[in-house]
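Note sheet for the following structure.
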Amino acid sequence: MIRILLVDDQFLLCEVLKTWLEVEDDFQVIGVAHDGQEGLEKVEALQPDIVLMDIDMPGMDGLSATKHICEKFPQVKVIFLSGHDDDNYLGKSLRAGARGYLLKNTTAEELAAKIRLVHNSNNTNNILPAGDRDDLVVIQNQVEELMESYRYQFQQQLEAYKDSLTQISHSSGLDMSYEKRLNELEHLLRETKDREISQIKQENLATRESIRAEIINIHNQLSEANHSLSSQVNQQIVNLKHDLDSQLKNALDDWSRQRATLQEWAVQRDEMQISPEELDSRYRQELVSWANPIRTSLRNADKQIKILRSWLIATAAIAFISLNFSAGMLIFNFMSGNSQSSQIEK
């Protein structure tokens with residue numbers, strides 16, 4: 001399984017690359033970074049096999065990040081995926097330590113093949129010393145990248161040259177046929193134009209006559225409609241006048257009846273009015289009718305008070321006589337008791 005880290009500041013491109021790579025059974029996208037510094041941190045944390053690196057990014061660019069990755073993590077292989085097709089960027093990427101260089105317009109198949117080629121490339125050489133062996137591997141990779149880049153550009157230029165030659169060979173043979181065809185088309189166009197112009201004139205003439213007849217018909221209809229509308233309006237005005245006269249007459253009659261009713265009510269009101277002398281007499285009679293029962297009640301109460309006073313005087317007299325009698329009896333008893341006691345002593 002080839003573990004891949006994507007480092008690019010374009011979010012949409014990262015999603016597209018991730019979709020392409022996850023289709024392959026031997027690929028696994030383990031992370032995504034959007035600048036060089038974040039890419040360094042994720043390389044240290046995730047330890048990927050391949051890093052797909054962009055060159056132009058905010059902050060730390062791809063070239064600086066690749067140098068640090070190759071110095072700290074030599075087992076990690078960096079492939080540049082750039083939008084620059086200039087050879088200067090190719091040389092800069094190889095000097096930075098990259099193992100591959102692809103343009104962003106590459107296909108998914110080319111990208112997958114490049115990743116497998118870089119991942120499976122043998123970087124060891126048992127004959128040379130370690131330092132010379134590494135230098136030779138770097139030079140070999142750079143030469144291979146240059147040859148592949150030049151081969152790709154040469155193929156594109158060759159295909160463009162072939163297309164231009166094909167077009168030139170076809171154009172020489174097609175000039176005569178084109179000229180003949182143009183003459184035929186011009187003649188056909190002229191005939192078609194004349195025929196269409198005559199047809200349009202006839203259609204315009206027929207259309208003009210039909211429009212004129214339609215205008216006359218519409219004018220007659222409008223005149224009839226105007227006459228009918230005027231008659232209807234006049235009749236409605238007459239009817240409205242009759243209705244208004246009738247309503248006005250009814251309103252005047254109602255007002256006259258209401259006025260007579262008000263006058264009768266006023267007369268009745270005047271007849272029902274009472275003079276101050278009659279009102280004073282009525283008030284006096286009502287006061288007398290209220291005062292007589294009260295006066296009778298007061299007289300009865302006075303009689304009862306006199307009777308009660310006589311009873312109280314009689315009761316007081318009887319009580320006074322009773323007290324005097326009781327006192328006399330006590331004195332008599334007291335005197336009788338004293339006389340008996342004096343006799344007993346003697």
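Values in this text are rule-based calculations from the coordinates and carry no lab data. In this text, all values refer to a predicted model and were calculated from it rather than measured experimentally. Don't worry about glycine lacking a Cβ; one is built from the backbone with ideal geometry, like all the others, and counts go over all protein chains shown.
Per-structure values
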{"item": "Zero-based 5 Å bins, Cα pair distances in segment 20-70, whole percents", "result": "4, 20, 31, 21, 14, 7, 1"}
{"item": "Pairwise centroid distance, computed over Cα atoms, of segment 306-325 with segment 1-35, Å", "result": "138"}
{"item": "Cα gyration tensor of segment 191-268 - equivalent ellipsoid semi-axes, whole Å, descending", "result": "73, 11, 4"}
{"item": "Rounded FRET efficiency, nearest 0.05, which uses the C-beta distance separating Q268 from A316 and R0 of 45 Å", "result": "0.05"}
{"item": "I307-V288 pseudo-label distance in nm [points 7 Å out on the Cα-to-Cβ vector]", "result": "3.0"}
{"item": "Local electrostatic count, K303, Cβ distance below 15 Å [Lys/Arg +1, Asp/Glu -1]", "result": "+3"}
{"item": "Calculated FRET efficiency for the pair K72/K104, C-beta based, R₀ 25 Å, to 0.05", "result": "0.40"}
{"item": "Total lysine pairs under 23 Å (Cα atoms) in segment 2-121, excluding pairs fewer than 8 apart on one chain", "result": "20"}
{"item": "Cα-projected label distance for S297 with E44, points at 7 Å along beta-carbon direction, nm", "result": "11.9"}
{"item": "R0 of 45 Å, Cβ-Cβ distance R95-E22: FRET efficiency to nearest 0.05", "result": "0.90"}
{"item": "Overall form of segment 2-121 per C-alpha gyration tensor (a/c, 1.5; a/b vs b/c)", "result": "rounded"}
